[in-house]
Amino acid sequence: MGVDLVVAASVLGVALVIGMATLGATIGQGIAVSRATEVIGKNPNAKKEVMSGLFLGLLMIVALMLFALAIAVILLWMNPFV
């Protein structure tokens, strides 16, 4: 009974970590793209600078999401009860 509870909590924790990381990343990407399109709409001449900053920011958001995925995998695989 105790081991089954630990396994269930581990799987639930991993699902929660991945879900929250994905949710945060998608919200952040949506806000970033929204602001970038707003700035480009107001000043079309700044498209090159805005797009380069946008892509750099989006890559950082994706990197943080991948770090959360790595932590979730480590939590699941390093658990001695699973």
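The residue that is surrounded by the most Cβ atoms within 10 Å (Cβ to Cβ), among those in segment 53-72 that are without any contact (Cβ under 8 Å) to a residue 24 or more places away in the chain and of a type outside the set (Phe, Trp, Tyr), is Leu54.
Here is a yes/no grid of residues against (1) within 17 Å of the chain's Cα centre (by Cα); (2) modelled with pLDDT of 90 or more; (3) in a loop (DSSP other than H, G, I, E, B); (4) of a type in the set (Asp, Glu):
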{"position": "Gly13", "(1), (2), (3), (4)": "yes, no, no, no"}
{"position": "Leu16", "(1), (2), (3), (4)": "yes, yes, no, no"}
{"position": "Ala32", "(1), (2), (3), (4)": "yes, yes, no, no"}
{"position": "Val39", "(1), (2), (3), (4)": "no, yes, no, no"}
{"position": "Val50", "(1), (2), (3), (4)": "no, yes, no, no"}
{"position": "Gly57", "(1), (2), (3), (4)": "yes, yes, no, no"}
{"position": "Phe67", "(1), (2), (3), (4)": "yes, yes, no, no"}
{"position": "Leu76", "(1), (2), (3), (4)": "no, no, no, no"}
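Looking only at residues in segment 32-52 that are in contact (Cβ under 8 Å) with a residue 12 or more places away in the chain and surrounded by 14 or more Cβ atoms within 10 Å (Cβ to Cβ), which one is nearest to Ala21 (Cα to Cα)?
Ala32
The values are calculated or read from the model by the stated rules, or taken from the named source; none is laboratory data. Keep in mind that what you see is a predicted model, and the values were worked out from it rather than measured. Don't worry about glycine lacking a Cβ; one is built from the backbone with ideal geometry, like all the others, and counts go over all protein chains shown.
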